[in-house]
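Presented below is the structure to which this report refers.
The values are calculated or read from the model by the stated rules, or taken from the named source; none is laboratory data. Fair warning: this is a prediction, and the values are worked out from it, not measured in the lab. All Cβ positions, even for glycine, are placed from backbone atoms using ideal geometry, and neighbour counts span all protein chains on display. Keep in mind that these areas ignore ligands, DNA and RNA; they rest on the heavy atoms of the full protein, side chains included. Shrake-Rupley method; radii C 1.70, N 1.55, O 1.52, S 1.80 Å.
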Amino acid sequence: MTKAGRHFLQIPGPSPVPEPVLAATAQQVIDHRSPEFGELGARVLSKVKQIFKTRYDVIIYPSSGTGAWEAALCNALSPGDKIMTYETGHFASLWSKLATRIGLVPITVGENWRGGVDPNVIEAELRKDTGHEIKAVCVVHNETSTGSTTRIKEVRDAIDAAGHPALLMVDTISGLGSADLRMDEWGIDVVVAGSQKGLMLPPGLSFNAVGPKALAASKTSGIRRSYWDWAEMIAINKTGYFPYTPATNLLFGLDKAIDMLLAEGLDNVFARHERLAEATRRAVQSWGMENLCQSPRHFSPVLTTVVMPEGHSADAYRRKVLENFNMSLGSGLSKVADKVFRIGHLGDINELTLMGTLAGCEMGFELAGVPHQKGGVDTAMRYLAETSAA
């Protein structure tokens with residue numbers, strides 16, 4: 001049966017694509033060797049640096065974020081190299097699994113699905129590595145499975161305090177364009193990102209922003225690569241072109257999405273996300289429910305992960321919401337499967353979008369028989385009204 005009204009896609013990515021970006025991607029395909037495309041490529045490759053807050057090269061792949069993970073690891077490292085990871089959730093654990101598959105040796109030094117990376121653990125473990133066998137510290141900026149955001153500058157400071165030469169590699173697939181990230185200022189060597197979250201594009205593009213230390217490491221690294229090779233991409237990108245067929249129409253969309261983010265102003269974008277996230281957390285608290293992230297300094301501006309009351313299925317609740325209100329909420333992943341649901345509040349979202357989302361959640365509790373206190377929507381609405389006036 002066809003349902004009236006639009007679908008509410010409130011998962012933490014892919015996020016809804018704004019109409020101007022959709023229109024840009026719907027342009028007729030052009031010759032990717034033409035002067036017109038060269039201008040587009042040069043323009044996008046230059047502008048995208050502002051989103052990463054870097055002056056260094058940003059490489060754009062036609063791939064998922066997983067591809068960008070592999071690109072980062074296989075360019076900068078060699079078989080048998082040790083990398084340090086910290087499990088803040090499902091995606092941090094996946095990075096370790098990928099590293100193992102391509103011949104690296106991940107060492108997980110901590111686990112916390114209810115907060116961000118503990119920089120003190122990073123520093124302590126690196127101090128033990130007097131032989132500098134650990135070649136990279138790989139962390140997730142915004143952990144999409146748990147709703148926690150690691151303070152990346154603290155991780156950089158921990159590496160520096162230990163006097164260790166390890167590269168800092170950061171996955172901000174769900175953070176870029178929604179949560180503040182400053183590649184150069186925070187001393188990040190490689191940033192991994194994707195198109196389908198804060199950049200407000202369909203899935204299909206991924207990114208490696210590459211600092212000079214990582215680029216130097218890639219010249220002697222021993223993992224074979226072809227499609228992912230930084231050197232070939234950087235060389236031809238200087239002219240605005242790519243060594244193989246790029247995702248032409250997604251680049252049109254990226255061009256428009258960057259313009260939209262810069263027109264709003266990145267600081268305003270981040271403040272909007274923080275404000276909507278706080279409204280969501282206040283609603284969750286009013287419902288008498290628990291936020292999976294228990295560390296306020298690590299609360300995510302991108303999503304909120306809600307713990308279901310004992311004995312109630314998060315997946316059954318999500319199905320009830322989808323069937324009745326045509327709204328998709330994020331599922332729990334791996335260790336928290338069926339125990340939590342995730343409310344995405346990222347990308348092309350405003351106060352009214354969020355209020356519709358929270359109303360759907362609260363009505364869903366009633367229909368699914370989930371115990372809760374009423375009034376979460378009212379609490380969020382009051383907060384948004386008060387902060388808007390301020």
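Once the Cα atoms are used to define both axes, helix 266-286 deviates from the longest principal axis of the chain by about 40 degrees. Of the solvent-accessible surface of the stretch 234-371, computed with a 1.4 Å probe and all protein chains present, 52% belongs to carbon and sulfur. Within the accessible area of the stretch 1-147, what % is carbon and sulfur when the probe is 1.4 Å and the other protein chains stay in place? Answer for the stretch 1-147: carbon and sulfur cover 53 percent of the accessible area.
One equal scatterer on each Cα of the stretch 310-390, no solvent, Debye formula: the resulting log10 I(q)/I(0) at q = 0.13, 0.15, 0.25, 0.26 Å⁻¹ is -0.44, -0.58, -1.26, -1.31.
Projecting the Cα positions of Ser174, Gly288, Leu77 onto the charge dipole of the chain (unit charges on Cβ atoms of Lys, Arg, Asp and Glu, taken about the Cα centre) puts Leu77 furthest along the positive direction. Note on Ala231 and Ser313: the extension gain reaches 24.7 nm, defined as 0.36 nm multiplied by sequence separation minus the Cα-Cα distance. Using only side-chain charges placed at the Cβ, +1 for Lys and Arg and -1 for Asp and Glu, the dipole size of the stretch 76-207 relative to its Cα centre rounds to 320 debye.
Relative to the globular-protein estimate of 2.2 N^0.38 Å, the Cα radius of gyration of the chain stands at 0.99. Comparing Thr150, Thr245, Thr25 in a Gaussian network model of the chain where C-alpha atoms under 10 Å apart are linked, the largest mean-square fluctuation is found at Thr245. At an R0 of 35 angstrom, the distance between the Cβ atoms of Asp259 and Ala385 translates into a FRET efficiency of 0.70.
Between the listed residues Leu333, Tyr383, Pro119, the Cα displaced farthest toward the positive end of the dipole of the chain, a dipole computed from Cβ unit charges relative to the Cα centre, is found at Leu333.
With no solvent and one equal point scatterer placed on each C-alpha of the stretch 224-320, evaluate the Debye formula and give log10 I(q)/I(0) for q = 0.13, 0.21 Å⁻¹, two decimals. The calculated log intensity ratios at q = 0.13, 0.21 Å⁻¹ are -0.78, -1.03. Considering only Ser174, Ser206, Ser221, the Gaussian network model of the chain with Cα springs below 10 Å gives its largest mean-square fluctuation to Ser221.
Placing +1 on the Cβ of every Lys and Arg and -1 on the Cβ of every Asp and Glu, with nothing else charged, gives the chain a dipole about its Cα centre of roughly 340 debye. Bridges between two residues of the chain, per DSSP, are antiparallel at a rate of about 55%. For the stretch 151-229, the Kirkwood estimate of hydrodynamic radius, built from reciprocal distances between every pair of different alpha carbons, is 13.8 Å. With both bridge residues required to lie in the stretch 97-191, what share of the DSSP beta bridges run antiparallel, to the nearest 5%? Counting DSSP beta bridges with both partners in the stretch 97-191, the antiparallel share is about 20 percent. Here each label is just a point 7 Å from Cα along the line to Cβ, and for Ser331 and Leu352 those points are 3.3 nm apart. In this structure the stretch 48-187 gives 33 Å² per residue of accessible area when probed at 1.4 Å with all protein chains present. Ranking Pro371, Gly253, Pro309 by how far each Cα lies toward the positive end of the dipole of the stretch 238-390 (charges on Cβ) leaves Pro309 at the top.
Compute the separation of the alpha-carbon centres of the stretch 233-250 and the stretch 321-370 and state it in Å as a whole number. Their Cα centres are 38 Å away from one another.
Among Leu168, Leu262, Leu205, whose mean-square fluctuation peaks in a Gaussian network model of the chain (Cα, cutoff 10 Å)? Of the options given, Leu262 has the highest mean-square fluctuation.
Helical content of the chain, expressed as a calculated mean residue ellipticity at 222 nm, amounts to -13500 deg cm²/dmol (DSSP H runs of 4 or more residues, -39,500 (n - 2.57) each, divided by residue number, nearest 500).
Between the beta carbons of Lys213 and Glu290, assuming R0 = 30 Å, the FRET efficiency works out to 0.15 to the nearest 0.05.
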